[in-house]
Amino acid sequence: MSPDAKDKEQVKSRKPANTAFKQQRIRAWRPILTPKSVLPAFIIIGVLFAPLGGLLLWASDTVAEIVIDYTNCDKAGINFVQIPTDLYSSNFPGSSGDGNPPEFKAIPAVGASINATWPTMRCTIKFDIPVTMKHPVFMYYRLTDFYQNHRRFIKSLDLRQLAGEPRTAMDLRGGGCEPMATVTEGEIRYPIYPCGLIANSMFNDTFDITLSPFNAPDLKPYNLTDKGIAWTVDQTKYLPQQHPDLSEIRPPPNWEKKYPNGYTISNPPMDISKDEHFQVWMRASGLPNFRKMYAKNEKEDLAAGTYTIDIDMNYDVTKYGGTKSFVLSTVSFMGGRNPFLGIAYVVVGVLCVFLGLLFTARHLYKPRRLGDHTYLSWNQNQNHQHQQSDTDATGAESETEPEDLPTATASGASARY
């Protein structure tokens, strides 16, 4: 190969190709923002947004809901005590009041799974439903200050393991499940199933899915179901564990109460393809304060009256300074109760109308010519300098040429400049 050819290969032009796209010659629409286009846009946006926000607020207010914080229920004692007003909230459209304040109490109890028991505290919450709650009725648990949206938390799982594929300690080591990937016993590492921070921190308070009437023989218990609470797309992600030897896998550390002796034939791992509470928990929330569905009743209305619910308190939220709440709610065509979106629309609408009227009044009072270059900052600086120089020149002439002084021609000075 000749030296010239080598030089041509080594020296490559970085100039973009001479095309309309790369040379930015494609036609573009550049709107000119004039008062005739901007001011009506402000008014129209405000007129549309404000009523839409009012509609959203109305839809949110039609949702019947009661939220009760039971974080400190285990300290209430064996007799019912009134819950402080700052620990509960309720909204019942069509009711003259929210009924009596809710109460709770706690007694020692025994939690149980398939072949395991453990001591716990059972919280009983008594609450009033002043008006009938139309179906569907949903039961949620609500957690605060729990950052499921942390990047390390969201990535802490193994999709192949959740899909039923047996995974060894070597497969999981150094993966996304760390530091909840394996556990060391003696000198042997065992894989954790299901591994990861999400599974290890699963919410394990147990709600009784039957609301029992309190001193009301004419009311019947209201039954809910925990089937169908997970998204259909989530149900397809999980398959049962197919590991041939249960002694070769270990449960997550926080599941010790449920599996005190590890996984055994008599106490096998949960079937994650059917456990919808697990599937709901594994869908991480985007905000630190969130609620997740626990049960529902889509066929029957909840009659007005006083009800109780039992909750086994197994989940410790005091470790990270959070709270946990029991939520009972209906829905509207916009979903659950959330006035924020309606308030935001109303605020934006009112602000747009106010600014539109303000700018219109300013334009009518003191209009300006479109594209007036005298308003540019550098032109204003130049005009100010010219005015200052003219002022200085006028002052200098008045100081150096009084009437009694001879002129330059009279004194014989040269006038060539």
So which residues in the range 283-301 are open to solvent by less than 70 Å² (accessible area, probe 1.4 Å), touching a Gly at 6+ places or on another chain (Cβ under 9 Å) and not in a strand (DSSP E or B)?
Pro288
Subset of the range 41-64 that is assigned to a helix (DSSP H, G or I) and open to solvent by less than 50 Å² (accessible area, probe 1.4 Å) - its residue that is nearest to Gly336 (Cα to Cα):
Ser60
Which numbered condition trips up Val137, out of (1) under 19 Å from Phe203 (Cα atoms); (2) within 27 Å of the chain's Cα centre (by Cα); (3) not acidic (Asp, Glu)?
(1)
Kindly evaluate Leu370 against the criterion of being assigned to a helix (DSSP H, G or I), surrounded by fewer than 16 Cβ atoms within 10 Å (Cβ to Cβ) and touching a residue at least 12 places away in the same chain (Cβ under 8 Å).
no
Which condition number in (1) in contact with a Cys (Cβ under 8 Å, 6 or more places away or on another chain); (2) within 27 Å of Ser325 (Cα to Cα) is the one that Lys257 fails?
(1)
Go through the residues of the range 166-184 one by one and say whether even a single one is touching a residue at least 24 places away in the same chain (Cβ under 8 Å), of a type in the set (Gly, Ala, Ser) and either part of a loop (DSSP other than H, G, I, E, B) or touching a helix residue (DSSP H, G or I) at 6+ places or on another chain (Cβ under 9 Å) (or both).
no
Within the range 71-82, tally of residues that are in contact (Cβ under 8 Å) with a residue 40 or more places away in the chain and in contact with a Phe, Trp or Tyr (Cβ under 8 Å, 6 or more places away or on another chain)
3
Taking the range 222-280 and keeping only residues that are over 31 Å from the mean Cα position of the chain (by Cα), surrounded by 14 or more Cβ atoms within 10 Å (Cβ to Cβ) and not in a loop (DSSP other than H, G, I, E, B), one is left with Tyr222, Leu246, Glu248, Arg250
Could you check the range 154-169 and list, in sequence order, the residues that are open to solvent by 20 Å² or more (accessible area, probe 1.4 Å) and polar (S, T, N, Q)?
Thr168
Just a yes or no: is a residue in the range 344-366 in contact (Cβ under 8 Å) with a residue 60 or more places away in the chain and part of a loop (DSSP other than H, G, I, E, B)?
no
Please verify whether the range 203-210 includes one or more residues that are part of a loop (DSSP other than H, G, I, E, B), open to solvent by 40 Å² or more (accessible area, probe 1.4 Å), touching a strand residue (DSSP E or B) at 6+ places or on another chain (Cβ under 8 Å) and touching a residue at least 24 places away in the same chain (Cβ under 8 Å).
yes
Which listed residue, of Thr182, Thr132, is open to solvent by less than 70 Å² (accessible area, probe 1.4 Å), modelled with pLDDT of 90 or more and under 30 Å from Thr306 (Cβ atoms)
Thr132
Test: Ser389 is at pLDDT below 95, part of a loop (DSSP other than H, G, I, E, B) and either over 25 Å from Ile83 (Cβ atoms) or open to solvent by less than 50 Å² (accessible area, probe 1.4 Å) (or both):
no
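Is it the case, given these coordinates, that Pro108 is assigned to a strand (DSSP E or B), surrounded by 17 or more Cβ atoms within 10 Å (Cβ to Cβ) and not hydrophobic (A, V, I, L, M, F, W, C)?
no
The values are calculated or read from the model by the stated rules, or taken from the named source; none is laboratory data. Owing to the predicted nature of the structure, the values given are computational and were not obtained by experimental measurement. No Cβ is skipped: glycine too gets one built from the backbone with ideal geometry, and neighbour counts run over all protein chains shown. Just the protein is used for accessible areas: all its heavy atoms, side chains included, with ligands, DNA and RNA removed. Shrake-Rupley method; radii C 1.70, N 1.55, O 1.52, S 1.80 Å.
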